[in-house]
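Single-structure report; data block below.
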Amino acid sequence: MKTSEATRKLKKAGCYFVEHGKEHDCWYSPITKKRFRVPRHQSQELATGTKNSIAKTAGVKL
């Protein structure tokens, strides 16, 4: 799954962008009430562990 696909699914689930980091963007999930980081490389594939970590923290199935 590409980063752009993941961000699309996160937006659909109600998560939203908070701020830019140096290499990652910070997002917030109203489901889990936690902040998490998403790589800014839109066209690259997310590593499996990174995708699973984002999904778990956001409370969303990616």
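When both residues are 6+ apart or on different chains and their Cβ atoms are under 9 Å apart, which pairs have a first residue that lies in region 1-22 and is in contact (Cβ under 8 Å) with a residue 60 or more places away in the chain, and a second that is not in a helix (DSSP H, G or I)?
Met1/Glu45; Met1/Leu46; Met1/Leu62
Which one is modelled with the lowest pLDDT among residues in region 33-47 that are under 16 Å from Lys9 (Cβ atoms) and assigned to a loop (DSSP other than H, G, I, E, B)?
So, considering only residues that are under 16 Å from Lys9 (Cβ atoms) and assigned to a loop (DSSP other than H, G, I, E, B), the one modelled with the lowest pLDDT is Gln42.
Are there any pairs with C-beta distances below 6 angstrom linking a residue in region 33-51 that is more than 10 Å from Ser4 (Cβ to Cβ) and open to solvent by less than 100 Å² (accessible area, probe 1.4 Å) to a residue that is of a type in the set (Ser, Thr, Tyr) and assigned to a strand (DSSP E or B), with the two at least 6 apart or on different chains, and if so which?
Every condition considered, no pair remains.
Yes/no per residue for (1) open to solvent by 90 Å² or more (accessible area, probe 1.4 Å); (2) at pLDDT 95 or above; (3) in a helix (DSSP H, G or I):
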position: Gly14; (1), (2), (3): no, yes, no
position: Trp27; (1), (2), (3): no, yes, no
position: Ser53; (1), (2), (3): no, yes, yes
position: Lys61; (1), (2), (3): yes, no, no
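The values are calculated or read from the model by the stated rules, or taken from the named source; none is laboratory data. Computed from a predicted model, the values in this text were never measured in an experiment. With ideal geometry, Cβ positions are generated from the backbone for all residues, glycine too; neighbour counts draw on all protein chains shown. Heads up: the accessible areas ignore ligands, DNA and RNA and are worked out on the full protein's heavy atoms, side chains in. Shrake-Rupley method; radii C 1.70, N 1.55, O 1.52, S 1.80 Å.
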